[in-house]
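I have placed the structure first, in the form of C-alpha coordinates, so that the comments after it can refer back to it.
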Amino acid sequence: MRKKIVAGNWKMNTNVDEGKKLSQEICEMIKKKPLKTIYGSPGVILFPPFVHIIEIAKIIKDVEGVFVGAQNCYSELSGAYTGEISAPMIKSAGATHVLIGHSERRKLFNESNKMLAAKTSFAIENGLNVVFCCGESLEERENEIHFEVIRRQLKEGLFWLDIESFSNVIIAYEPVWAIGTGKTATPDQAQQMHAFIRELIAEKYGKELADSFSILYGGSCNAKNAQQLFEQEDVDGGLIGGASLKAGDFFKIIQSF
Ligand code: PEP
(Lines give C-alpha, C1' and ligand atoms only; values in the text may rest on other atoms or scores of the structure.)
Protein backbone atom coordinates (compact mmCIF):
# COMPACT_ATOMS: atom_id res chain seq x y z
CA MET A 1 0.00 0.00 0.00
CA ARG A 2 1.30 3.46 -0.87
CA LYS A 3 1.95 5.82 2.01
CA LYS A 4 -0.39 8.78 2.25
CA ILE A 5 1.53 11.90 3.16
CA VAL A 6 0.72 15.52 3.84
CA ALA A 7 3.76 17.79 4.16
CA GLY A 8 3.78 21.44 5.21
CA ASN A 9 6.35 23.78 3.68
CA TRP A 10 6.42 26.80 5.96
CA LYS A 11 8.97 28.57 3.73
CA MET A 12 10.52 31.66 5.43
CA ASN A 13 7.59 32.21 7.79
CA THR A 14 7.15 32.16 11.59
CA ASN A 15 9.65 32.91 14.34
CA VAL A 16 10.63 30.11 16.74
CA ASP A 17 7.79 30.75 19.21
CA GLU A 18 5.20 30.97 16.44
CA GLY A 19 6.57 27.79 14.89
CA LYS A 20 6.42 25.93 18.21
CA LYS A 21 2.83 27.07 18.71
CA LEU A 22 1.81 26.01 15.20
CA SER A 23 3.36 22.57 15.54
CA GLN A 24 1.84 22.15 19.03
CA GLU A 25 -1.61 22.98 17.65
CA ILE A 26 -1.21 20.53 14.79
CA CYS A 27 0.00 17.80 17.18
CA GLU A 28 -2.91 18.39 19.56
CA MET A 29 -5.39 17.92 16.72
CA ILE A 30 -3.61 14.80 15.52
CA LYS A 31 -3.50 13.34 19.04
CA LYS A 32 -7.28 13.63 19.20
CA LYS A 33 -7.57 11.81 15.89
CA PRO A 34 -4.40 9.74 15.56
CA LEU A 35 -2.96 9.36 12.08
CA LYS A 36 -2.37 5.66 12.41
CA THR A 37 -6.01 5.14 11.63
CA ILE A 38 -5.65 7.10 8.39
CA TYR A 39 -2.20 6.32 6.99
CA GLY A 40 0.72 4.02 6.97
CA SER A 41 3.76 5.85 8.33
CA PRO A 42 5.01 8.47 7.54
CA GLY A 43 1.88 10.60 7.58
CA VAL A 44 2.70 14.23 8.23
CA ILE A 45 5.99 16.02 7.63
CA LEU A 46 6.56 19.59 8.84
CA PHE A 47 9.19 21.64 7.02
CA PRO A 48 9.83 24.72 9.22
CA PRO A 49 12.82 27.07 8.92
CA PHE A 50 16.11 25.45 10.05
CA VAL A 51 16.26 27.24 13.39
CA HIS A 52 12.96 25.70 14.53
CA ILE A 53 13.92 22.08 13.94
CA ILE A 54 15.39 21.26 17.37
CA GLU A 55 12.34 22.60 19.20
CA ILE A 56 9.80 21.05 16.84
CA ALA A 57 11.56 17.68 16.98
CA LYS A 58 10.87 17.70 20.74
CA ILE A 59 7.21 18.61 20.24
CA ILE A 60 6.50 15.85 17.68
CA LYS A 61 8.58 13.19 19.44
CA ASP A 62 5.68 11.24 20.89
CA VAL A 63 3.17 11.89 18.16
CA GLU A 64 2.93 8.85 15.93
CA GLY A 65 3.28 9.53 12.21
CA VAL A 66 4.55 13.12 12.49
CA PHE A 67 8.03 14.04 11.26
CA VAL A 68 10.11 17.18 10.88
CA GLY A 69 12.36 18.08 7.97
CA ALA A 70 14.55 20.87 6.59
CA GLN A 71 13.71 22.96 3.54
CA ASN A 72 17.17 22.63 2.01
CA CYS A 73 20.64 21.28 2.68
CA TYR A 74 24.09 21.63 1.18
CA SER A 75 25.99 19.02 -0.78
CA GLU A 76 29.08 18.85 1.44
CA LEU A 77 29.52 17.39 4.89
CA SER A 78 31.34 20.29 6.58
CA GLY A 79 33.93 22.99 5.95
CA ALA A 80 34.29 26.50 4.58
CA TYR A 81 30.76 27.01 3.23
CA THR A 82 29.56 30.01 5.21
CA GLY A 83 25.83 30.10 5.65
CA GLU A 84 25.18 26.54 4.52
CA ILE A 85 23.87 23.58 6.54
CA SER A 86 24.77 19.95 5.92
CA ALA A 87 22.67 16.80 6.06
CA PRO A 88 24.40 15.43 9.21
CA MET A 89 23.71 18.74 10.99
CA ILE A 90 20.07 18.59 10.04
CA LYS A 91 19.84 14.99 11.20
CA SER A 92 21.55 15.79 14.50
CA ALA A 93 18.86 18.43 15.13
CA GLY A 94 16.20 15.73 14.98
CA ALA A 95 14.99 15.97 11.38
CA THR A 96 14.27 12.89 9.27
CA HIS A 97 13.47 14.52 5.92
CA VAL A 98 14.73 17.28 3.64
CA LEU A 99 13.08 19.12 0.75
CA ILE A 100 15.25 19.27 -2.33
CA GLY A 101 14.59 21.15 -5.55
CA HIS A 102 11.70 23.37 -4.55
CA SER A 103 10.99 25.71 -7.48
CA GLU A 104 11.86 28.73 -5.31
CA ARG A 105 15.33 27.25 -4.79
CA ARG A 106 15.65 26.43 -8.48
CA LYS A 107 14.58 29.91 -9.54
CA LEU A 108 15.78 32.33 -6.86
CA PHE A 109 19.00 30.50 -5.97
CA ASN A 110 19.82 29.09 -9.41
CA GLU A 111 19.88 25.48 -8.26
CA SER A 112 20.49 23.26 -11.27
CA ASN A 113 19.50 19.63 -11.68
CA LYS A 114 23.19 18.77 -11.21
CA MET A 115 23.36 20.59 -7.87
CA LEU A 116 20.11 18.98 -6.77
CA ALA A 117 21.47 15.56 -7.69
CA ALA A 118 24.50 16.18 -5.44
CA LYS A 119 22.33 17.43 -2.57
CA THR A 120 20.03 14.44 -2.87
CA SER A 121 22.97 12.07 -2.76
CA PHE A 122 24.50 13.64 0.36
CA ALA A 123 21.18 13.79 2.11
CA ILE A 124 20.40 10.11 1.53
CA GLU A 125 23.94 8.93 2.29
CA ASN A 126 23.64 10.76 5.59
CA GLY A 127 20.39 9.19 6.62
CA LEU A 128 17.75 11.70 5.52
CA ASN A 129 14.70 10.97 3.38
CA VAL A 130 14.31 13.35 0.47
CA VAL A 131 11.15 15.03 -0.76
CA PHE A 132 12.25 15.92 -4.29
CA CYS A 133 10.24 18.65 -6.03
CA CYS A 134 9.72 18.95 -9.75
CA GLY A 135 7.42 21.12 -11.81
CA GLU A 136 7.04 23.04 -15.06
CA SER A 137 6.59 26.77 -15.60
CA LEU A 138 3.46 28.25 -17.16
CA GLU A 139 5.35 28.90 -20.39
CA GLU A 140 6.50 25.29 -20.54
CA ARG A 141 2.94 24.06 -20.03
CA GLU A 142 1.57 26.46 -22.63
CA ASN A 143 4.21 25.22 -25.06
CA GLU A 144 3.13 21.67 -24.23
CA ILE A 145 6.59 20.57 -23.15
CA HIS A 146 5.61 19.93 -19.51
CA PHE A 147 6.04 16.15 -19.69
CA GLU A 148 9.49 16.59 -21.23
CA VAL A 149 10.47 19.09 -18.52
CA ILE A 150 9.49 16.72 -15.73
CA ARG A 151 11.22 13.78 -17.43
CA ARG A 152 14.41 15.82 -17.59
CA GLN A 153 14.23 17.10 -13.99
CA LEU A 154 13.80 13.55 -12.71
CA LYS A 155 16.38 12.00 -15.01
CA GLU A 156 19.06 14.56 -14.17
CA GLY A 157 18.18 15.13 -10.53
CA LEU A 158 17.17 11.68 -9.32
CA PHE A 159 17.30 8.74 -11.68
CA TRP A 160 20.98 8.05 -11.28
CA LEU A 161 20.28 6.85 -7.70
CA ASP A 162 20.45 3.12 -7.10
CA ILE A 163 17.21 1.43 -6.17
CA GLU A 164 18.02 1.28 -2.47
CA SER A 165 18.70 5.01 -2.27
CA PHE A 166 15.71 5.81 -4.45
CA SER A 167 13.41 4.09 -1.99
CA ASN A 168 14.24 6.94 0.45
CA VAL A 169 12.71 9.48 -1.92
CA ILE A 170 9.23 10.96 -2.15
CA ILE A 171 8.45 13.04 -5.24
CA ALA A 172 6.37 16.22 -5.07
CA TYR A 173 4.95 17.39 -8.38
CA GLU A 174 4.53 21.15 -8.05
CA PRO A 175 3.63 23.04 -11.21
CA VAL A 176 5.37 26.40 -10.77
CA TRP A 177 2.32 28.29 -12.04
CA ALA A 178 0.27 26.85 -9.19
CA ILE A 179 2.64 27.66 -6.31
CA GLY A 180 1.37 30.52 -4.19
CA THR A 181 -0.89 31.75 -6.99
CA GLY A 182 -4.26 30.39 -5.89
CA LYS A 183 -4.41 28.66 -9.30
CA THR A 184 -4.52 24.94 -8.54
CA ALA A 185 -3.93 22.23 -11.14
CA THR A 186 -7.19 20.47 -11.95
CA PRO A 187 -7.51 16.97 -10.53
CA ASP A 188 -7.14 15.69 -14.13
CA GLN A 189 -3.97 17.65 -14.75
CA ALA A 190 -2.50 16.40 -11.48
CA GLN A 191 -3.52 12.80 -12.16
CA GLN A 192 -2.07 12.88 -15.70
CA MET A 193 1.30 14.09 -14.51
CA HIS A 194 1.42 11.79 -11.49
CA ALA A 195 0.62 8.77 -13.68
CA PHE A 196 3.38 9.88 -16.06
CA ILE A 197 5.87 10.18 -13.19
CA ARG A 198 4.88 6.73 -11.92
CA GLU A 199 5.45 5.32 -15.40
CA LEU A 200 8.92 6.87 -15.52
CA ILE A 201 9.71 5.31 -12.13
CA ALA A 202 8.47 1.93 -13.33
CA GLU A 203 10.66 2.15 -16.46
CA LYS A 204 13.71 2.97 -14.38
CA TYR A 205 13.20 1.02 -11.14
CA GLY A 206 10.49 -1.52 -11.91
CA LYS A 207 6.76 -1.70 -11.38
CA GLU A 208 6.91 -2.98 -7.82
CA LEU A 209 8.74 0.06 -6.53
CA ALA A 210 6.68 2.42 -8.70
CA ASP A 211 3.44 1.00 -7.31
CA SER A 212 4.50 1.56 -3.72
CA PHE A 213 6.07 4.99 -4.32
CA SER A 214 4.45 8.16 -2.90
CA ILE A 215 3.93 11.10 -5.26
CA LEU A 216 2.58 14.30 -3.72
CA TYR A 217 0.85 17.21 -5.42
CA GLY A 218 1.78 20.79 -4.49
CA GLY A 219 0.51 24.15 -5.69
CA SER A 220 -2.33 26.08 -4.02
CA CYS A 221 -3.68 22.92 -2.45
CA ASN A 222 -5.99 23.89 0.41
CA ALA A 223 -8.70 22.63 2.73
CA LYS A 224 -11.32 23.08 -0.02
CA ASN A 225 -9.65 21.37 -2.96
CA ALA A 226 -7.48 18.73 -1.23
CA GLN A 227 -10.09 16.00 -1.26
CA GLN A 228 -10.67 16.15 -5.01
CA LEU A 229 -6.94 16.09 -5.66
CA PHE A 230 -6.24 13.27 -3.18
CA GLU A 231 -9.03 11.17 -4.71
CA GLN A 232 -6.99 10.79 -7.89
CA GLU A 233 -5.50 7.36 -8.25
CA ASP A 234 -1.88 8.47 -8.47
CA VAL A 235 -2.01 11.38 -6.02
CA ASP A 236 -0.75 10.14 -2.66
CA GLY A 237 -1.03 13.38 -0.74
CA GLY A 238 0.20 16.94 -0.86
CA LEU A 239 3.02 19.37 -0.24
CA ILE A 240 1.26 22.38 1.20
CA GLY A 241 2.65 25.92 1.39
CA GLY A 242 0.32 28.75 2.44
CA ALA A 243 -2.38 26.52 3.90
CA SER A 244 0.12 24.75 6.17
CA LEU A 245 0.54 27.90 8.26
CA LYS A 246 -2.89 27.60 9.87
CA ALA A 247 -3.26 24.52 12.06
CA GLY A 248 -6.99 24.16 11.39
CA ASP A 249 -6.63 24.33 7.60
CA PHE A 250 -3.65 22.00 7.60
CA PHE A 251 -5.50 19.49 9.75
CA LYS A 252 -8.47 19.59 7.37
CA ILE A 253 -6.10 18.78 4.51
CA ILE A 254 -4.65 15.89 6.53
CA GLN A 255 -8.18 14.55 6.88
CA SER A 256 -8.94 14.84 3.15
CA PHE A 257 -8.16 11.25 2.15
C1 PEP B 1 4.95 25.09 -1.87
O2 PEP B 1 5.58 26.08 -1.53
O3 PEP B 1 5.51 23.99 -1.94
C4 PEP B 1 3.53 25.25 -2.17
C5 PEP B 1 2.88 24.24 -2.66
O6 PEP B 1 2.97 26.48 -1.88
P7 PEP B 1 1.41 26.86 -1.92
O8 PEP B 1 0.64 25.72 -1.32
O9 PEP B 1 1.30 28.11 -1.14
O10 PEP B 1 1.05 27.04 -3.37
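The values are calculated or read from the model by the stated rules, or taken from the named source; none is laboratory data. What you see is a predicted model; the values in this text were computed from it and never measured. Counting neighbours? That spans all protein chains shown, and the Cβs are built from the backbone with ideal geometry, glycine included. Just so you know, the surface numbers come from the protein's heavy atoms only, side chains and all, with ligands and any DNA or RNA stripped out. Shrake-Rupley method; radii C 1.70, N 1.55, O 1.52, S 1.80 Å.
Taking the Cβ of S86 as the center, what net charge do the other residues with Cβ under 12 Å away carry, scoring Lys and Arg +1 and Asp and Glu -1? Around S86, the charge tally is -1.
Accessible surface for the chain, divided over its residues, is 47 Å² per residue with a 1.4 Å probe.
State the extension gain, in nm to one decimal, for the chain segment bounded by E18 and D211, taking 0.36 nm per residue of separation less the distance between their alpha-carbons.
Additional length available on full extension: 65.7 nm.
Based on alpha-carbon centroids, what's the gap between the range 124-187 and the range 209-243 in Å, whole number please? A separation of 13 Å, based on Cα centres. Note on the chain: helix-only mean residue ellipticity at 222 nm, from DSSP H runs of 4+ residues weighted -39500 (n - 2.57) and normalised by residue number, equals -12000 deg cm²/dmol. Taking each residue as 0.36 nm, the span from A195 to E139 lengthens on full extension beyond its C-alpha to C-alpha distance by 18.0 nm. Are there trypsin sites (Lys or Arg not before Pro) in the range 96-198 that DSSP puts in a loop and that have at most 14 other Cβ atoms within 10 Å, and which ones? Taking the range 96-198 and a limit of 14 other Cβ atoms within 10 Å, the loop trypsin sites (Lys or Arg not before Pro) found are K183. Computed from point charges on the beta carbon alone (+1 for Lys and Arg, -1 for Asp and Glu), the dipole magnitude for the chain about its Cα centre is near 700 Debye.
Under the shape rule built on the C-alpha gyration tensor, where the axes satisfy a ≥ b ≥ c, the range 5-254 is rounded, since a/c falls short of 1.5.
Ignoring the sites themselves, what is the longest stretch of the chain with no GluC sites (Glu not before Pro) in a DSSP loop and at most 11 other beta-carbon atoms within 10 Å? Answer from the scan: 1-143. For the range 5-254, the carbon plus sulfur part of the accessible surface works out to 51%, probe radius 1.4 Å. Taking label positions 7 Å along the Cα-Cβ direction at both K3 and K155, the computed distance is 2.9 nm, reported to one decimal. Given axes a ≥ b ≥ c from the Cα gyration tensor, I'd like to know whether the range 156-224 is rounded (a/c under 1.5), prolate (a/b larger than b/c) or oblate. It is prolate, given that a/c is not under 1.5 and a/b is the larger ratio.
Length gained on full extension, E76 to E148, computed as 0.36 nm times the residue gap minus the Cα-Cα distance: 22.9 nm. Farthest toward the positive end of the dipole of the chain, out of P175, A247, Q71, is the Cα of A247, where the dipole comes from beta carbon charges about the Cα centre.
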